[in-house]
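One structure is given below, represented as structure tokens, and several questions about it will come after.
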Amino acid sequence: MTSRASCLPCHHREAAEARLPPLARLVAVLVLVMGLAPAVMAATSGPRHGLSAFGDLKYPADFKHFSYVNPDAPKGGRLSMIGTSGLNTFDSFNAFILKGDAAEGLTLLFDSLMVRAADEPDAMYGLVARTAEVAADGKSVVFKLRPEARFSDGTPVTAEDVAFTFATLKEKGHPGFRLVLADVVAADVLDAHTVRYRFQGTLTRDLPLTVAGLPIFSKAYYTKIDFAQTSLVPPLGSGPYTIASHGQGAFIQYKRRTDYWARDLPVNRGRFNFDEIRYEYYRDRTAELQALKAGTYDLREEFTSRDWALAYDLPQIRDGRLVKLTLPDESPSGAQGFFLNMRRPALKDVRVRKALDLAFDFEWTNKNLFYSLYRRTWSFFQNSDMMASGKPSAEELALLEPFRAQLPPEVFGEPYRPPVTNGSGQDRSKLREAAKLLAAAGYTYRGNRLVDSKGQVLRLEILLFSPSFERVVTPYIRNLRALGIDAFLRRVDTAQYQRRLKSFDFDITVQRYVMRLTPGNELDTYLSSRAAGMSGSRNLAGLASPVVDALIKKVIEARNRPQLLAATRALDRVLRAQHIWVPHWYKAAHNIAHWNKFGRPSEKPRFARGVVDTWWYDAAKAQALRAK
């Protein structure tokens, strides 16, 4: 799990036409904390200032700051913006439990042992921990803490707090923490400033960095406060910000700590420059956009291509008061699509699932709804060298051959790619293919509806929370109905949406899985058999495949990049042949509109958006803006 510092800019890369809130807390915390955590070498030669996966660290022990920051950036001003979790309200300041809807930005409150460098694919450097030393057998890691580390009330951050945090998250935290910490046996307090984590099993490669990225809680504070309950009482943290004020469902505002103990550390120099960071909440996205135009807040990432193409033709843009900015994103684009809940009897048959893929006309959708701004997704590791292509290599075959009898033949040929339609919106040739698959699955027509052998109508509900996605779903439903499927849209509020996802009470929904540059334990939470049966897990499709489990293990066991690539590509082939989703689209960029009163470094971090923690308030620009 990455720390607060590393996760801040890194989850802002939805390629969707709407922000997607499924399991928002897990997206914003577990995935960002664990999902972006780099893998770690099996052993280190003595204590180190940082850890990396398969190679040397970019930054030496005496580095002064990350290269993508301005170390002399001024402090001050306010950044007011729209968050990216997709929630339009909040009722909790606890982002680490299953209950409630957590507010945006809570990771600003908490430090961790180490933080991620956003210009390296897999490297972390010490924050609360001065050094880390991984045992030769990979079964433990020892962190030496900085004695000067402090919580915001002035009390010291100690090894007792680190050990308490681990025990609390494993016992009372979101179920996802129990998954990723399952093989972490204990956190031993060796002295006030030394903690040792011990691991079990053979899949320990990622665990040192997983625990290095956990937030650190105050044992004294949470001895008095019930961690397992939602609360709107600002929690005690040790990070660069505290909660200054909030209006439930309207805004949350953070204030920079002038007494922040780690402000001058190399990992923080030139970062966290705003005196105030404020997240605004609106009930719908139209109101969001209008409020930006009116100058009610400062910055918005645009996820709707139609709006990006048309809604920003404004005098404020033309005269430079409002800036329209596209930032490249070199991270894997992830896997977004209509995910099919295989716990439902109708969706257990792979032929039905493949027919649902054939019914989606991406070419029409991209041209008519998205202004051709997107590209089709087909891989779970899209926009990276980890996705499968061509026929399996010898290394991939070595991993796949033991399971040949359990796999469809297509796994051993060209990997599956979604069909390319004629762009008419209702490609009859593709619908005929889909109809043949449904017939082979045992469905026949009763009137204009498909029924199974028991006479049950094939009925599928697509569950959404956002009205902005309806324009994508409606044409898809039209094609499904043309096939005889009784498909319909169900839009609910975000709270009900979250509850239904946690209990897997849906047929089809939209989800995006963010894949990191060095995949590891997070694949377990997305795709493993044990996650399929765990309430609140991110395995929405209910995939329970021994082959997938075995290949996830190979990914986590990889000790070098070639081994990792062979394992991810083999896994990608198997996943694509399972047809657990109808793939959507991706865009390897951030579309951002902001009022022209900010400065930013000349170098953007390769694998992060960089807005919250590397930009700054430019007083001269702000003055010029006011003059206009």
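From the list A589, A619, A541, A558, which residue is touching a residue at least 24 places away in the same chain (Cβ under 8 Å), surrounded by fewer than 23 Cβ atoms within 10 Å (Cβ to Cβ), aliphatic (A, V, I, L, M) and under 29 Å from Y497 (Cα atoms)? Before you say what the answer is, go through the steps one by one.
Values: A619 fails: under 29 Å from Y497 (Cα atoms); A541 fails: surrounded by fewer than 23 Cβ atoms within 10 Å (Cβ to Cβ); A558 fails: under 29 Å from Y497 (Cα atoms).
Of A589, A619, A541, A558, the one residue that is touching a residue at least 24 places away in the same chain (Cβ under 8 Å), surrounded by fewer than 23 Cβ atoms within 10 Å (Cβ to Cβ), aliphatic (A, V, I, L, M) and under 29 Å from Y497 (Cα atoms) is A589.
Got a sec? Which of R512, R471 is assigned to a strand (DSSP E or B), more than 22 Å from R432 (Cα to Cα) and basic (K, R)?
So the residue among R512, R471 that is assigned to a strand (DSSP E or B), more than 22 Å from R432 (Cα to Cα) and basic (K, R) is R512.
Let me ask you something else. Considering L438, L431, L400, which residue is touching a strand residue (DSSP E or B) at 6+ places or on another chain (Cβ under 9 Å), surrounded by 14 or more Cβ atoms within 10 Å (Cβ to Cβ) and assigned to a helix (DSSP H, G or I)? If you could, list the steps in order and put the result at the bottom.
Numbers: L431 fails: touching a strand residue (DSSP E or B) at 6+ places or on another chain (Cβ under 9 Å); L400 fails: touching a strand residue (DSSP E or B) at 6+ places or on another chain (Cβ under 9 Å).
After ruling out the rest, the residue left standing is L438.
In the list D572, D524, which residue meets the criterion of being open to solvent by 20 Å² or more (accessible area, probe 1.4 Å) and not in a strand (DSSP E or B)? Give the derivation first.
Working: D572 fails: open to solvent by 20 Å² or more (accessible area, probe 1.4 Å).
Only one candidate passes the filter, namely D524.
Does L480 satisfy being in contact (Cβ under 8 Å) with a residue 60 or more places away in the chain, open to solvent by less than 20 Å² (accessible area, probe 1.4 Å) and closer than 26 Å to T377 by Cβ?
The answer is yes for L480.
Mind listing just one residue for me: the one in the range 441-458 that is part of a loop (DSSP other than H, G, I, E, B) and in contact with an Asp or Glu (Cβ under 7 Å, 6 or more places away or on another chain) and, of those, least open to solvent (accessible area, probe 1.4 Å)?
Restricting to residues being part of a loop (DSSP other than H, G, I, E, B) and in contact with an Asp or Glu (Cβ under 7 Å, 6 or more places away or on another chain), the top hit is L458.
Scan G126, G173 and give me the residue that is closer than 23 Å to S537 by Cβ, out of contact with any helix residue (DSSP H, G or I) (no Cβ under 7 Å at 6 or more places or on another chain) and not hydroxyl-bearing (S, T, Y). Let's see the steps before the verdict.
On the way: G126 fails: closer than 23 Å to S537 by Cβ.
None of the others qualify; the one that does is G173.
Can you tell me which of (1) assigned to a loop (DSSP other than H, G, I, E, B); (2) in contact with a Lys or Arg (Cβ under 7 Å, 6 or more places away or on another chain); (3) closer than 14 Å to V141 by Cβ is the one A186 doesn't meet?
Answer for A186: the failing condition is (1).
Something else now. Which pairs have Cβ atoms under 7 Å, sit 6 or more apart or on different chains, and link a residue in the range 442-464 that is under 30 Å from Y497 (Cα atoms) and of a type in the set (K, R) to one that is assigned to a strand (DSSP E or B) and modelled with pLDDT of 95 or more?
Between residues of the range 442-464 that are under 30 Å from Y497 (Cα atoms) and of a type in the set (K, R) and residues that are assigned to a strand (DSSP E or B) and modelled with pLDDT of 95 or more, the close pairs are R449/V457; R449/D486; R459/D486.
So, of the residues in the range 592-604 that are in contact with a helix residue (DSSP H, G or I) (Cβ under 7 Å, 6 or more places away or on another chain) and assigned to a loop (DSSP other than H, G, I, E, B), which turns out to be surrounded by the most Cβ atoms within 10 Å (Cβ to Cβ)?
For the range 592-604, the residue satisfying everything is K597.
Where in the range 85-173 are there strands (runs of 3 or more DSSP E), lying fully within it, with 2 or more residues that are in contact with an Asp or Glu (Cβ under 7 Å, 6 or more places away or on another chain), open to solvent by 40 Å² or more (accessible area, probe 1.4 Å) and under 21 Å from D62 (Cα atoms)?
Result: empty, no element qualifies.
Continuing with this model, one more query. Any idea which residue in the range 342-379 is most open to solvent (accessible area, probe 1.4 Å), counting only those that are in contact with a strand residue (DSSP E or B) (Cβ under 7 Å, 6 or more places away or on another chain), part of a loop (DSSP other than H, G, I, E, B) and modelled with pLDDT of 95 or more?
W378
Residues to consider are P47, P71; find the one that is touching a His at 6+ places or on another chain (Cβ under 9 Å), at pLDDT 50 or above and open to solvent by 10 Å² or more (accessible area, probe 1.4 Å).
Details: P47 fails: touching a His at 6+ places or on another chain (Cβ under 9 Å).
The conditions single out P71.
For residues in the range 205-237 being assigned to a loop (DSSP other than H, G, I, E, B) and under 22 Å from the mean Cα position of the chain (by Cα), which is surrounded by the most Cβ atoms within 10 Å (Cβ to Cβ)?
Let us first name the residues in the range 205-237 that are assigned to a loop (DSSP other than H, G, I, E, B), namely 205-206, 213-214, 216-218, 225-237.
Of the ones still in play, those that are also under 22 Å from the mean Cα position of the chain (by Cα) are 205-206, 213-214, 216.
Details: R205: 25, D206: 26, G213: 28, L214: 30, I216: 27.
Checked the range 205-237; the qualifying residue surrounded by the most Cβ atoms within 10 Å (Cβ to Cβ) is L214.
Only one of these is outside any helix (DSSP H, G or I) and under 17 Å from Q578 (Cα atoms): S384, S389, S331. Name it.
Only one candidate qualifies: S389.
For the range 569-622, enumerate the residues that are under 18 Å from the mean Cα position of the chain (by Cα) and of a type in the set (S, T, N, Q).
Answer for the range 569-622, where residues must be under 18 Å from the mean Cα position of the chain (by Cα) and of a type in the set (S, T, N, Q): just N591.
Take the residues in the range 247-283 that are small (G, A, S) and part of a loop (DSSP other than H, G, I, E, B), then tell me which one is most open to solvent (accessible area, probe 1.4 Å).
Selected residue: A250.
Within the set of pairs 6+ apart or on separate chains, which have a first residue in the range 419-430 that is free of Cβ contacts under 8 Å to residues at least 24 places away in the same chain, a second that is hydrophobic (A, V, I, L, M, F, W, C) and in a loop (DSSP other than H, G, I, E, B), and C-beta atoms under 9 Å apart?
none
Of all the residues that make up the range 295-324, how many are in a loop (DSSP other than H, G, I, E, B), small (G, A, S) and under 18 Å from S372 (Cα atoms)?
Result for the range 295-324: 1.
Identify all residues within the range 527-556 that are assigned to a helix (DSSP H, G or I) and touching a strand residue (DSSP E or B) at 6+ places or on another chain (Cβ under 6 Å); write none if there are none.
Once the filter is applied, which keeps residues that are assigned to a helix (DSSP H, G or I) and touching a strand residue (DSSP E or B) at 6+ places or on another chain (Cβ under 6 Å), the range 527-556 yields nothing.
Using beta carbons and a limit of 7 Å, which pairs, at least six apart or on different chains, have the first residue in the range 343-359 and under 14 Å from K430 (Cα atoms) and the second one outside any loop (DSSP other than H, G, I, E, B) and among the aromatic types (F, W, Y)?
A359/Y476
Return the pair list, or none, for Cβ contacts closer than 9 Å from residues in the range 487-513 that are on the phi > 0 side of the Ramachandran plot to residues that are part of a loop (DSSP other than H, G, I, E, B) and of a type in the set (A, V, I, L, M, F, W, C), at least 6 apart or on different chains.
Within 9 Å, the pairs are F504/L540.
The values are calculated or read from the model by the stated rules, or taken from the named source; none is laboratory data. Keep in mind that this is a model prediction, so the values were computed, not measured. No Cβ is skipped: glycine too gets one built from the backbone with ideal geometry, and neighbour counts run over all protein chains shown. Protein only, heavy atoms only, side chains kept; ligands, DNA and RNA dropped before computing areas. Shrake-Rupley method; radii C 1.70, N 1.55, O 1.52, S 1.80 Å.
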